[in-house]
Amino acid sequence: MAKLKGVILTDTWPGLRDSSRLSLKQLDELIQSHLTRIAKARHSLQISCALFKRKEDDILPSQCKKAIVHLEDLNKCVGDFCELFNDPARLPAVYIALRYRLMSLLYLIEEWVCELTDLIESFREVCMTSSRDVAQQRRAISDAFETLLQQIDDIFQRAEFLSHEARFQEQQLTAGLEEKLSSASNSKNSSSSDRCPFYVSKKQIGERKQAHPLETE
């Protein structure tokens, strides 16, 4: 449990009281696990992308089906990654707002995967024929693959950025709490010092009454 000069941060910030929340280190480890899965899926998709790029080679229906399977694998990885951020009660408090920067990209990729899958499904029905329309479909699929691969690369960049941003915000929070606690402590000490002369003066007045009772009449 995080502490700041003997004061437990979870007592100061209610959002951190739940022990089920992940620490930044734990979340980073989970994120890295998901990114590893996504990287493997990307590798398979890159092979499929190269296949559609090679104009001199025919594409078989079985190869189209394999590309669709790779897309389904990516969609599963992205969906699981989204689930990690869908439960704010488990996330470090600094990630509750930051997560949307990554989730918006993940949702975009899910939509793009669906569109690309539809393109390949349509192409698979005519991939053994030769025509201008078929060639255009193939180019459209190749371009869509390139866009998808770039979006996947953006996941890694955005995840790294969020990790650094989360740690920066946590440091800022810690510094802010330290300043507040220090100010509160100084204020309390100052208030106690201001009251001391009053009690001393009161005592002195009592002693003066006893020594000179006629002066008070």
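The values are calculated or read from the model by the stated rules, or taken from the named source; none is laboratory data. Keep in mind that what you see is a predicted model, and the values were worked out from it rather than measured. Heads up, the Cβs are rebuilt from the backbone with ideal geometry, glycines too, and the neighbour counts pull from every protein chain shown.
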Inset, instruction - Could you give me the residue pairs with C-beta distances under 8 Å whose first residue belongs to segment 46-62 and is more than 13 Å from R139 (Cβ to Cβ), whose second residue is hydrophobic (A, V, I, L, M, F, W, C) and loosely packed, with under 13 Cβ neighbours inside 10 Å wherever it lies, and which are 6+ apart or on separate chains? - result: D58/M128; L60/M128; P61/M128
Inset, instruction - Show the residue pairs that are 6+ apart or on different chains and have beta-carbon atoms under 9 Å apart, the first residue being within segment 19-45 and farther than 14 Å from N75 by Cβ, the second being part of a loop (DSSP other than H, G, I, E, B) and of a type in the set (G, A, S). - result: S20/A89; R21/A89; R21/A93; S23/A2
Legend entry - Of residues in segment 41-64 being loosely packed, with under 13 Cβ neighbours inside 10 Å and basic (K, R), the one farthest from the chain's Cα centre (by Cα): K55
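What tally of residues in segment 123-175 results from selecting those that are in a helix (DSSP H, G or I) and within 18 Å of C49 (Cα to Cα)? Please lay out each step first, then the result.
Just the residues of segment 123-175 that are in a helix (DSSP H, G or I), to begin with: 123-124, 132-175.
Among the residues that remain, those that are also within 18 Å of C49 (Cα to Cα) are: 123-124, 134-154.
Residues that pass the stated criteria total 23.
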Inset, instruction - Those residues that are of a type outside the set (G, A, S) and under 19 Å from A41 (Cα atoms), I need them from segment 120-153; list them, please. - result: I120, I141, D143, F145, E146, T147, L148, L149, Q150, Q151, I152, D153
Inset, instruction - Return the residue satisfying two criteria in turn: it lies in segment 120-136 and is surrounded by 16 or more Cβ atoms within 10 Å (Cβ to Cβ) and modelled with pLDDT of 95 or more, and of such residues it is nearest to the chain's Cα centre (by Cα). - result: I120
Inset, instruction - Could you grab me the full set of residues in segment 152-168 that are surrounded by fewer than 17 Cβ atoms within 10 Å (Cβ to Cβ) and either touching a strand residue (DSSP E or B) at 6+ places or on another chain (Cβ under 9 Å) or polar (S, T, N, Q) (or both)? - result: Q157
